[in-house]
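For reference, the structure is listed below as C-alpha cells.
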Amino acid sequence: MSSADPASPGDAVALSGVEHRYGDVTAVGPVDLTVPGGEFLVLVGASGCGKSTLLRLIAGFEQPTSGSVRTAGTPSPEPRSGGGGLSAPVPGRGAGLVFQQPRLFPWRSVGGNVALALRYAGLPATPDRVNQLLERVGLHDVAKRRTWQISGGQQQRVAIARALAVENPLLLLDEPFAALDALTRERLQEDLRRVSHETGRTCVFVTHSVDEAVFLGSRVIVLTPRPGRIALDLPIDLPRAGLAPDELRGLPRFAALRAEIGAAVRSRSQEVPA
Ligand SMILES: Nc1ncnc2c1ncn2[C@@H]1O[C@H](COP(=O)(O)OP(=O)(O)OP(=O)(O)O)[C@@H](O)[C@H]1O
C-alpha cells in the first residue's frame, strides 16, 4: 500500500482527495475518508452542505471531479489494486440503497418488490429467500399485500429489505426516515440498528437529525457548509450492549454527544457557503 492509498484490508470505502463540482459550484471536498467494514457512519450537516452528493459519489452515481472513490464488493471488471481489494463503484450494481421515498413498484406485492431486487442483482428469487428478507425487517405477514396497502413505515421497511437483497457489504441510506412520524421513525431506527448488527453490513447514513445520528452511528461526521468538508469526525463511544433503546437515549453520554455534534452543526451552519 502506498502512502497515497490510506485504505487497508477490511475497509469498505476509501475516498482520497475527493472533490465534486456541479458546473461552477464546488459541492464537496476535498475529502479524505476511509470507512472500515462493519462501521455505521452517519453524515450530518446543514442543508446543501453536500451530504447527498457524498453518498452519490460512494454509490457511483456521480464521478468525482478530482480524487478517487473506491468501495468493497463492487462487481467490477476493473483490476483491483491495493487498498484491501477496493474498486471504483459501479452505479446501480454495487451497494444497497435506501432513499427518503421508498420508490416501490405499486403494481407488485411487497414480496414481489423484494423478489425483483433479488433478480436484478442476479440472485435466485426463491420464496424462502424473499421471506427471510421480509422477516429481517418484520414484514413476513404482509408479503402478499400491494405496497399501497401498507403504511409509510412498512413501505420503508420494504425498501430496506430490498436493499439487503443486494449481496453487497455496503448499505447507503439517504434520510430514509425523514418522512415518517416520530414514533415510527424511532422503531425503524431500532430495527435498522439491529439489522446492520446482525448482517454486519457497513452503513453510510445521511440525516439532519443529530439525535438519530447518535442513536445509530458508531461514528458521526459533521460536514462544513458547501463545499462539504469534514469538520468533525467523532467515534460514538456508547456502551450499547444490553441496553434498551430508551436506556441508551437516557444516558448522560448520549446527551453529551448530541450536544457536541449539535454545536458543531450549528456553528458550521453560520458560515457562508463559498
Ligand atoms: N445536480 C445538481 N446540479 C447543480 N447543483 C447541485 C446538484 N445537486 C446538488 N447541487 C448543489 O450542490 C450542493 C450540495 O447538494 P447536496 O444535495 O449534496 O446537499 P445536502 O447536504 O444533501 O442537502 P440537503 O440536506 O438539503 O438534502 C447544494 O448547493 C446543491 O444546490
Just checking, does region 107-115 include any residue being touching a residue at least 40 places away in the same chain (Cβ under 8 Å) and farther than 30 Å from residue 11 by Cβ? yes
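The rows are residues; the columns are (1) within 16 Å of the ligand (Cβ to nearest atom); (2) closer than 25 Å to residue 162 by Cα; (3) in a helix (DSSP H, G or I); (4) polar (S, T, N, Q).
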| site | (1), (2), (3), (4) |
| --- | --- |
| 184 | no, yes, yes, yes |
| 191 | no, yes, yes, no |
| 213 | yes, yes, yes, no |
| 232 | yes, no, no, no |
| 242 | no, no, no, no |
| 254 | no, no, yes, no |
| 266 | yes, no, yes, no |
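Matching residues to (1) assigned to a loop (DSSP other than H, G, I, E, B); (2) among the charged types (D, E, K, R); (3) modelled with pLDDT of 90 or more:
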| position | (1), (2), (3) |
| --- | --- |
| 28 | no, no, yes |
| 35 | no, no, yes |
| 41 | no, no, yes |
| 53 | no, no, yes |
| 56 | no, yes, yes |
| 63 | yes, no, yes |
Kindly indicate the residue of region 14-47 that is within 13 Å of the ligand (Cβ to nearest atom) and among the small types (Gly, Ala, Ser) and also nearest to residue 259 (Cα to Cα) among those meeting that condition. 45
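Filter region 227-260 for residues that are under 30 Å from residue 23 (Cα atoms) and not basic (Lys, Arg) and give the result. Can you show your working first?
Step one: of region 227-260, the residues under 30 Å from residue 23 (Cα atoms) are 227-233.
227, 228, 230, 231, 232, 233, listed by residue number.
Okay, residues lined up against (1) surrounded by 12 or more Cβ atoms within 10 Å (Cβ to Cβ); (2) in contact with a strand residue (DSSP E or B) (Cβ under 8 Å, 6 or more places away or on another chain); (3) closer than 14 Å to residue 167 by Cα:
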site: 94; (1), (2), (3): yes, yes, yes
site: 97; (1), (2), (3): yes, yes, yes
site: 101; (1), (2), (3): yes, no, no
site: 104; (1), (2), (3): yes, no, no
site: 114; (1), (2), (3): yes, no, yes
site: 123; (1), (2), (3): yes, no, yes
site: 129; (1), (2), (3): yes, no, yes
site: 133; (1), (2), (3): yes, no, yes
site: 150; (1), (2), (3): yes, no, no
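The values are calculated or read from the model by the stated rules, or taken from the named source; none is laboratory data. This is a predicted model, so every value here is computed, not measured. Because the Cβ atoms are built from the backbone with ideal geometry, glycine has one as well, and the counts that use them run over all protein chains shown.
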